[in-house]
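The values are calculated or read from the model by the stated rules, or taken from the named source; none is laboratory data. Not measured: the values here are computed from a predicted model. We place every Cβ from the backbone using ideal geometry, glycine too, and count neighbours over all the protein chains shown. Accessible surface areas use protein heavy atoms only, side chains included; no ligands, DNA or RNA. Shrake-Rupley method; radii C 1.70, N 1.55, O 1.52, S 1.80 Å.
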Amino acid sequence: MKEEDYILFEAYLAEELTVDEKTAFENRLKTDAAFKESFNTYKELSGFLEHTIKNEAETNAFKSNLKSISNQHFNETQSTSEGNKKSTTFSLLKYAVAACVVLLFGIVTFNKMNQPAYSDYNEHGIMDLTVRGGNIGLLIKTTKAFNNKEYEKASGYLETLLEEDPENKEYQLYYAVTNIELDKFEISEPILQDMAIGDSAYKNRAIWYLGLSNFKQDKEEEAIKWLQQVPEGADYYRQAQELLNKLE
Amino acid sequence: MSEKKIHEDQKYIEGLLQNNSFIIQAIYDTFVPKVINYIKQNSGDADQAQDVIQETLITIYNQASQKKLQLTCPFDAYFFLLCKRKWLNELKKKTNKEVTINEEVLSKDDDSQELAFETSLFGEKQELFNTMFQKLGNACKDLLKATFKIKSMEEVAKSLGVTYAYARKKKSLCIGKLTKMVQESPQFNQLNY
């Protein structure tokens, strides 16, 4: 279609054509199949955009409510189905195995006491980007990969998301986190440092992650410097204090 | 065609539309367990079932609010068919080969088959439109967002610092560009058979 055709579509939908123009337009719809097909898609897209953009807030509210009911439902069913079903012998075996694991774990931790490890602290919480509008397919994939600890994949998806929306702080934060996991500190640290001096909602998390990132690289002094800056009441304050105690 | 009678289960559609927690909860309690079982019996796990169910309910919500979805069959059959279809598509994407599937748990009901088919087509289209919209340049995206949020084209033009005529023309061309992108995508032809 030519540019004029799209302008005509819009004018027709806005009911701004004269009677003669309107008749001509409708006649063309009857005779020109390509014109009709494009018009139908145009109209459908226009309706889609109008609806999606106008109702963004309501849709997001629905999605987050749905998500929380869903999580509750699945947590409950999982714990009840784990509770019964299994046979006693299997349970006994399970306990025996569990006991061995605990014992082994006890020995290992005893040896490692007061030696914190990165893996004790890389609990990133559950990501959920899907309540946002946008490229839902990609957001779902990203969320899943991240929550499954497939950081290589998640990092790639986040890169694409950031290409489309480079200023998005949430994407930036998670992108930095995946790069800490992948030991690409040269990527993660500049992002986090910018965020730590800015005033986004993720400022304190950025500070915590800078601490954690330095700790992972065995730069204890740097790590301590950052961890001390995680303010009381912030997410990860407890973890920051715990790690500080072990490091100092 | 004669006017079909709206099923009493339309209350579930209305409840979703109103973001009514009580109804959403009722859907999970009443209709979801069967879907979980089905997915578990067909190479899936609880997490995958959770995603499929959630995405399906979002599609129903979108269709209800955009297209005034009217249920002419029981919600149970409709919802199950939709989730099943979605799960089969996921499996197909993942394995790229034919999968053996336990046969129909429900009796075949033309109305629910037809309605479920319409809804899943709607969902796939939405996904495609969304992807394409994200691919538009920022200038178009911003203009369209402003246009549909503010409604009055005069104000849109003012907020973007352009003339009314220019904003108006730009809007048509941006949707035109999107139209072209959608028409040229291979998925669109699959959806429009």
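Couplings 3J(HN,Hα) of the range A:220-226, computed from phi: 5, 4, 4, 4, 4, 4, 6 Hz, in residue order, whole Hz [Karplus 6.51 cos²θ - 1.76 cosθ + 1.60, θ = phi - 60°; x for Gly and Pro].
Applying a 4.7 Å Cβ-Cβ cutoff to chain B, the cysteines left without a disulfide-compatible partner are B:C73, B:C83.
By a 1.4 Å probe calculation restricted to protein chains, A:Y171 has an accessible surface near 10 Å², given to the nearest 10. For the set B:H7, A:H124, the ranking by accessible area, highest first and with no ligand, DNA or RNA atoms included, is B:H7, A:H124 under a 1.4 Å probe. Per residue of peptide A:47-56, the mean number of Cβ atoms on other chains within 10 Å of the residue Cβ is 6. For A:E10, A:E56, A:E3, the ranking by accessible surface with the largest value first comes to A:E3, A:E56, A:E10, using a 1.4 Å probe. Among the protein heavy atoms, those of A:Y157 account for about 50 Å² of accessible surface (1.4 Å probe, every chain in place). Interface size, chains B and A: roughly 4400 Å² of accessible area buried, both sides included, 1.4 Å probe, rounded to the nearest 100.
With all protein chains kept in place, the per residue accessible area of the range A:12-60 amounts to 60 square angstrom at a probe of 1.4 angstrom. Ligands, DNA and RNA are left out, and with a 1.4 angstrom probe the accessible area of chain B is 53 Å² per residue. Ligands, DNA and RNA left out, the accessible area of the protein assembly as shown computed with a 1.4 Å probe is 52% carbon and sulfur. Sorted largest first by accessible area at a 1.4 angstrom probe radius, with every protein chain in place, the residues B:S159, A:S38, B:S152 fall in the order B:S159, B:S152, A:S38. Our helix-only sum for the protein assembly as shown, with -39,500 (n - 2.57) per DSSP H run of n ≥ 4 divided by its residues, gives a mean residue ellipticity at 222 nm of -24500 deg cm²/dmol.
Classify the range A:129-248 from the C-alpha gyration tensor, please: rounded if a/c falls under 1.5, else prolate or oblate depending on whether a/b exceeds b/c. Verdict is prolate for the range A:129-248. Which of the residues in the range B:28-47 lose at least 30 Å² of accessible area when you go from the chain alone to all protein chains together (probe 1.4 Å)? For the range B:28-47, once contacts with the other chains are taken into account, B:Y28, B:I36, B:A46 lose 30 Å² or more. Normalised per residue, the accessible area of the range A:209-248 is 55 Å², obtained with a 1.4 Å probe and no contribution from ligands, DNA or RNA. For the pair the range B:1-45 and the range B:137-193, the centres of their Cα atoms are 35 angstrom apart. Taking only the Cα atoms of the protein assembly as shown, the ratio Rg/Rh comes out at 1.03, with Rh defined as the Kirkwood radius. Relative contact order of the range B:114-193: 35 percent, from C-alpha pairs under 8 Å at least 6 residues apart in sequence.
Among the listed pairs A:K153/B:K40; B:K92/B:K135; A:K67/B:K86; A:K43/B:K171, a Cα-Cα separation exceeding 21 Å is found for A:K153/B:K40; B:K92/B:K135. Net charge dipole, the protein assembly as shown: roughly 420 debye, given to the nearest 20, about the Cα centre with Cβ charges of +1 for Lys and Arg and -1 for Asp and Glu.
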